[in-house]
Each structure stands twice: as structure tokens, then as C-alpha cells.
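I have placed the structure first, in the form of C-alpha cells, so that the comments after it can refer back to it.
Laboratory data are not the source of any read-out in this text; all were calculated from the coordinates shown. All values reported here derive from a predicted model rather than from experimental measurement. Note that we place each Cβ from the backbone using ideal geometry, even for glycine, and neighbour counts take in every protein chain shown.
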Amino acid sequence: MSIHPTAVVNPGAEIAGDVEVGPYAVIEDNVKIGPRVKIWANAYICSFTEIGEDSEIHMGAVIGHFPQDLSFRKKRSRLIIGKRNIIREYATIHRGTQPDSATIIGDDNFIMGFVHIGHNCRLGNNIVIANTTILGGYVEVEDKAFISGYVAVHQFVRIGAISMVAGQCRVTRDVPPYMLAKGESRIYGLNVIGLKRAGFSQEERNKIKRAHKIIYKSGYRLSQAIEELEKADLGREVRHLTDFLKKHSKRGLSAHI
């Protein structure tokens, strides 16, 4: 274990033997840090935080602090961060609001500088969130989504798998999987490049394109579009899209541009 002499590490923290802790970093009690994690200078790791192996917490990041929620009563809640996450400078990730609730970050995510992830968010795997983006409380982001910089995501919004949100977007409604969003929660097409990079075949992309037309170009109400998608039986990827649409949402679905 390599802990800089200026770091403040509570003896109640559980830290793997090969963790690196930089100058002036602070690690509170009831923290669990897995193997080969690197904590850079001036990072602050708060109580009831877990960080998985091979992750990086860069300079000035504040991880697991109290949620910015007036209903929070300082009861024990948690932040759980998976493996191989990169959390860059001055990012803030808050723990859950309700007792024993948690904010959960999956594996292999890249969270850039000054990003804020609010209480009770749930992030999947292989997600990229660019600089200064803000996720409100209870936001859900599925695998391989890409959220550009200066984006504000309203609380309770869901962002689907392999979707892409353009810079400076105000996301006030759900963004379905595989879609491109910009402006004020407007869908303007499919994330074709993202689908190709994810290894989707031409046939699979064509099925998703057909699903996009059913949802946004047919004139159907959402319930009708879901029925048409289920009848069409366009494969596993479209079934995931259909399931996303069927789940109850507090914010509604982003409209087409």
C-alpha cells in the first residue's frame, strides 16, 4: 500500500494492500476500496462508499458525500462504484437519500471532469459522461450510453443503452435506447456510429431503424407503437427497446425533432 504522508485515512477504512493514495487525499470511516485503485491528490472519499478494483479517482473529486436533497436526514445510505471506473477531476458523486438506499455505478465507466451524479442514480457499464454534465437524482443510464458535455439531465429521467446525448442538451424526458438526442429532449435519429462500434450487424441496425420509424414516424400513440413493435418481433435488441418503452416513467418520452 502506498499512502502519501499528508493523506488523512481513517483507520476504519478497508483498503486493499496495493492501493495508491495521493497527497492530501481524505478517506473517511466505513469506506471499502478494492485492489489497484488509485486515489489522486486532494480527492475526498466519504463514509459508506465502495470503490471496485482498478478504478481511478482523480484530483479534487468528492465521492460519496451527502445528497443535495432537503429530505435527507443523515441516515446511513451508500455509494457503490464498480470496477475499472475512471472518475476525473472535481467530479462529485453523492450517496442515496433514503436510509439504506444507494447510488450505483457499474463497471468501465469514464466520468469526466466536473461531472455531478446526484443521489440514487443508477449507471450501467461502459458509459461516457463528458465534462460538466449534471445528472439529477434518481437518473438511470443504461450500458454504453454517451452523454456529451454541458448536459443537464432532470431527476428521474432514463437514458437508454447505446444512445447519445448532444452537448448542451436539456434532458427532461426519457431518451430511448439507440437514439440521438439534442436540444430540449428531442430525438433526431439513430446513433448509427454507436451501433456499429457496439458490433451490431447491418440486419440488426435495419431492425432498429424500422423500430424507430414505428415509434416516431408512424403517427401512433406510444401504446400503439409498443403493440406494433411486439407484433413485428424484430429481435432481441428491439425487444430491449420495447421493454424500455413499456416501463413506467415519471418524465415521459422524448419527442422527435
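The table for this structure:
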item: Reachable lysines, given that their alpha-carbon falls under 22 Å from the alpha-carbon of residue 217 and they are not under 8 places away in the same chain; result: 182, 207, 209, 231, 246, 247
item: Phi to ³J(HN,Hα) by Karplus 6.51 cos²θ - 1.76 cosθ + 1.60 over the stretch 2-13, Hz, x for Gly, Pro; result: 10, 10, 4, x, 8, 5, 10, 10, 5, x, x, 6
item: At most 12 other Cβ within 10 Å, DSSP loop - trypsin sites (Lys or Arg not before Pro), the stretch 154-257; result: 217, 221, 247, 250
item: Residue-averaged [θ]222 nm for the chain, counting only DSSP H segments that reach four residues, each worth -39500 (n - 2.57); result: -5000 deg cm²/dmol
item: Residue 26 long-range amide H proximity, modeled H, under 5 Å; result: 8, 43, 44, 45
item: Nearest 10 degrees, 0 to 90: helix 202-216 Cα axis against the chain principal axis; result: 80 degrees
item: HN-Hα J in Hz across the stretch 183-198 - Karplus 6.51, -1.76, 1.60, θ = phi - 60°, x for Gly and Pro; result: x, 9, 6, 10, 8, 10, x, 9, 7, 4, 4, x, 5, 5, 5, 7
